[in-house]
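Novice: This is the structure I have questions about; it appears just below.
The values are calculated or read from the model by the stated rules, or taken from the named source; none is laboratory data. These numbers come from a predicted model, not from an experiment. In this analysis, Cβ positions are derived from the backbone assuming ideal geometry, glycine residues included, and neighbour counts consider all displayed protein chains.
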Amino acid sequence: MAAIFEGGSFVRQAIPVHEAVQLVTGHARPIGNETVKLQDAYGHILAEPIVAKHDVPPFNRSAYDGFAVRAKDTLNAEEENPAMLEVIGSIGAGEVGERELKENEAYRIMTGAILPEGADAIVMIEDTTETDAGFSIQKSFQAGQNISYQGEDAQVGDVLIDAGAFIHPGTIALLATFGYSEVQVAKKPNVSVISTGTELLDVNEELTPGKIRNSNGPMLEGQLKRLNIPYTSFGMMEDDLDACTKIVERALEASDIVITTGGVSVGDFDYLPEIYKRLGAKVLFNKVMMRPGSVTTVAVLGNKLLFGLSGNPSACFTGFELFARPAILSMMGNTTPYLPHMTAYLGEDFPKKNPFTRFIRATWKLVDGQVMASPAGFNKSNAVSSIARGNCMIVLPSGTEGYEKGMEVDILLLGQENGVASWKIP
Ligand code: AMP
Ligand code: MG
């Protein structure tokens with residue numbers, strides 16, 4: 001990469017998206033682990049694998065409400081020659097049968113109850129006819145029928161989930177199964193959010209000429225919430241170099257990651273590059289071959305990351321999802337830090353050229369059983385309405401043009417808990 005400041009003048013050299021993503025994740029250093037209570041584990045990244053501490057189920061149990069029998073007592077049962085069984089008791093889930101079944105005996109048994117000694121099959125209620133002493137059946141049952149076997153789900157010692165996985169409700173169920181009242185997770189980075197721009201108003205302020213309300217700050221906070229990442233909002237700052245530098249310094253003291261929006265273009269008041277220089281932060285890149293968000297800038301200072309996202313709302317949104325999200329997840333050792341993706345059919349023509357990789361805020365839905373993705377309306381980098389409508393981003397690789405309705409495209413899914421398949425970045 002060319003020097004970013006050459007002889008004091010400011011130089012930008014665009015790099016491909018995948019290089020930029022790799023540069024960022026390559027600088028995302030783990031920040032250590034901590035122990036959390038199971039009830040607080042949701043949204044963390046596992047720092048230890050989940051190893052089965054016992055078989056699941058831990059004992060052979062009934063898969064239905066019915067009767068526990070010895071299969072051999074039903075061997076010759078048929079319509080003309082029903083097997084007659086005597087019921088000697090009832091076993092509810094959590095209870096244990098009092099004694100071993102003898103010839104032609106059965107226990108009434110409920111779903112999940114441990115099989116009584118001697119029993120090797122469950123007869124479902126609907127297959128029985130009640131008698132004075134118990135029931136009759138008109139067909140034979142085989143050993144093992146309708147039983148949920150010890151260890152059929154997991155066996156003691158199995159590595160079930162690797163470290164690095166996102167903890168979602170299913171993961172929590174597994175942890176609870178094995179009695180993890182606490183679990184080792186990766187520490188979450190502290191993130192600061194700063195919105196820059198003299199034109200910015202707070203959400204409760206009335207519009208005045210030349211001013212707009214700050215939408216990026218609240219949006220970024222929402223994106224962090226969606227990742228279950230704590231953040232500190234440093235509010236808005238005016239385009240004043242000294243004041244801005246101080247706020248970024250304060251944010252750096254308080255956090256592992258500082259995300260700013262605005263001030264990274266080449267305008268007279270775009271101070272972020274100068275702030276990075278003053279702080280001695282190393283700029284990883286300051287131009288990416290993508291639309292929107294080509295001015296996205298990322299810098300490192302020690303183990304801390306500074307994301308200089310564009311002020312344009314769509315560019316800011318995209319920059320967070322493409323760069324900040326995987327960096328945050330990588331810091332936590334997550335093994336699937338990229339947005340989940342899938343293939344979709346394009347819902348409408350997109351004739352524009354794509355000199356840079358294009359990310360289009362879009363909506364996917366099923367049409368006649370096929371995934372169809374269409375741009376979510378006005379789609380320039382300054383658009384805010386299409387972010388609100390979109391549930392995915394269509395990716396059109398650089399160097400392409402002339403996309404027509406029905407062509408296959410890659411889409412990045414938004415709002416998923418965590419990726420299961422890493423996106424292959426074009
Ligand atoms: P900048 O990146 O600072 O040059 O800003 C690019 C465009 O995004 C300008 O039109 C800004 O007014 C607008 N913008 C900057 N920051 C925000 C923000 N926090 N919320 C909404 N729009 C913004
Ligand atoms: Mg600005």
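Novice: Could you tell me whether any residue of the stretch 272-289 is under 20 Å from Gly311 (Cβ atoms) and modelled with pLDDT under 95?
Specialist: No, the stretch 272-289 contains no residue that is under 20 Å from Gly311 (Cβ atoms) and modelled with pLDDT under 95.
Novice: Still on this structure: Suppose we filter Thr363, Thr357 for residues that are among the hydroxyl-bearing types (Ser, Thr, Tyr) and buried (at least 19 other Cβ atoms within 10 Å of the Cβ); which single one remains?
Specialist: That would be Thr357, the only listed residue that is among the hydroxyl-bearing types (Ser, Thr, Tyr) and buried (at least 19 other Cβ atoms within 10 Å of the Cβ).
Novice: So which residues in the stretch 279-307 are within 16 Å of ligand 2 (Cβ to nearest atom), touching a Pro at 6+ places or on another chain (Cβ under 8 Å) and in contact (Cβ under 8 Å) with a residue 40 or more places away in the chain, if there are any at all?
Specialist: If the condition is that a residue be within 16 Å of ligand 2 (Cβ to nearest atom), touching a Pro at 6+ places or on another chain (Cβ under 8 Å) and in contact (Cβ under 8 Å) with a residue 40 or more places away in the chain, then Asn286 is the only one that fits.
Novice: Among the residues in the stretch 335-348, are any over 22 Å from the mean Cα position of the chain (by Cα), in a strand (DSSP E or B) and more than 12 Å from ligand 1 (Cβ to nearest atom)?
Specialist: Yes, the stretch 335-348 contains at least one residue that is over 22 Å from the mean Cα position of the chain (by Cα), in a strand (DSSP E or B) and more than 12 Å from ligand 1 (Cβ to nearest atom).
Novice: Moving on to the next point. With Glu126, Glu117, Glu152 as the choices, which residue is of a type outside the set (Ser, Thr, Tyr) and free of Cβ contacts under 8 Å to residues at least 12 places away in the same chain?
Specialist: The unique qualifying residue is Glu126.
Novice: Could you check the stretch 156-173 and list, in sequence order, the residues that are surrounded by fewer than 18 Cβ atoms within 10 Å (Cβ to Cβ) and either on the phi > 0 side of the Ramachandran plot or assigned to a helix (DSSP H, G or I) (or both)?
Specialist: Gly157, Pro169, Gly170, Ile172, Ala173
Novice: Also, quick follow-up: Looking at the stretch 302-333, which of its residues are among the polar types (S, T, N, Q), within 16 Å of ligand 1 (Cβ to nearest atom) and not in a helix (DSSP H, G or I)?
Specialist: Ser310, Asn312
Novice: List the strands (runs of 3 or more DSSP E) inside the stretch 29-108, counting only whole elements, that have at least 1 residues being touching a residue at least 24 places away in the same chain (Cβ under 8 Å), in contact with a helix residue (DSSP H, G or I) (Cβ under 8 Å, 6 or more places away or on another chain) and surrounded by 15 or more Cβ atoms within 10 Å (Cβ to Cβ).
Specialist: 66-69, 83-91
Novice: For the stretch 264-277, indicate whether the set of residues that are among the small types (Gly, Ala, Ser) and within 16 Å of ligand 2 (Cβ to nearest atom) is non-empty.
Specialist: Yes.
Novice: Which of the residues that make up the stretch 190-201 are part of a loop (DSSP other than H, G, I, E, B) and within 16 Å of ligand 2 (Cβ to nearest atom)?
Specialist: If the condition is that a residue be part of a loop (DSSP other than H, G, I, E, B) and within 16 Å of ligand 2 (Cβ to nearest atom), then Gly197, Thr198, Glu199 are the ones that fit.
Novice: Additional query: Could you name every one of the strands (runs of 3 or more DSSP E) located completely within the stretch 214-289 that has at least 2 residues being surrounded by fewer than 21 Cβ atoms within 10 Å (Cβ to Cβ) and in contact with a strand residue (DSSP E or B) (Cβ under 9 Å, 6 or more places away or on another chain)?
Specialist: Strands (runs of 3 or more DSSP E) meeting the threshold: 231-237, 282-285.
Novice: I've got another one for you. Could you please find all residues in the stretch 145-196 being under 23 Å from Tyr64 (Cα atoms) and among the aliphatic types (A, V, I, L, M)?
Specialist: If the condition is that a residue be under 23 Å from Tyr64 (Cα atoms) and among the aliphatic types (A, V, I, L, M), then Ile147, Ala154, Ala173, Leu174 are the ones that fit.
Novice: Follow-up. Being buried (at least 16 other Cβ atoms within 10 Å of the Cβ), more than 44 Å from the chain's Cα centre (by Cα) and in a loop (DSSP other than H, G, I, E, B) is the filter here, so list the residues in the stretch 120-146 that pass it.
Specialist: Ser140, Phe141, listed by residue number.
Novice: Here is a list: Pro209, Pro189. Which entry is on the phi < 0 side of the Ramachandran plot and either touching a strand residue (DSSP E or B) at 6+ places or on another chain (Cβ under 7 Å) or near ligand 1 (Cβ under 10 Å from one of its atoms) (or both)?
Specialist: From the options Pro209, Pro189, the qualifying one is Pro189.
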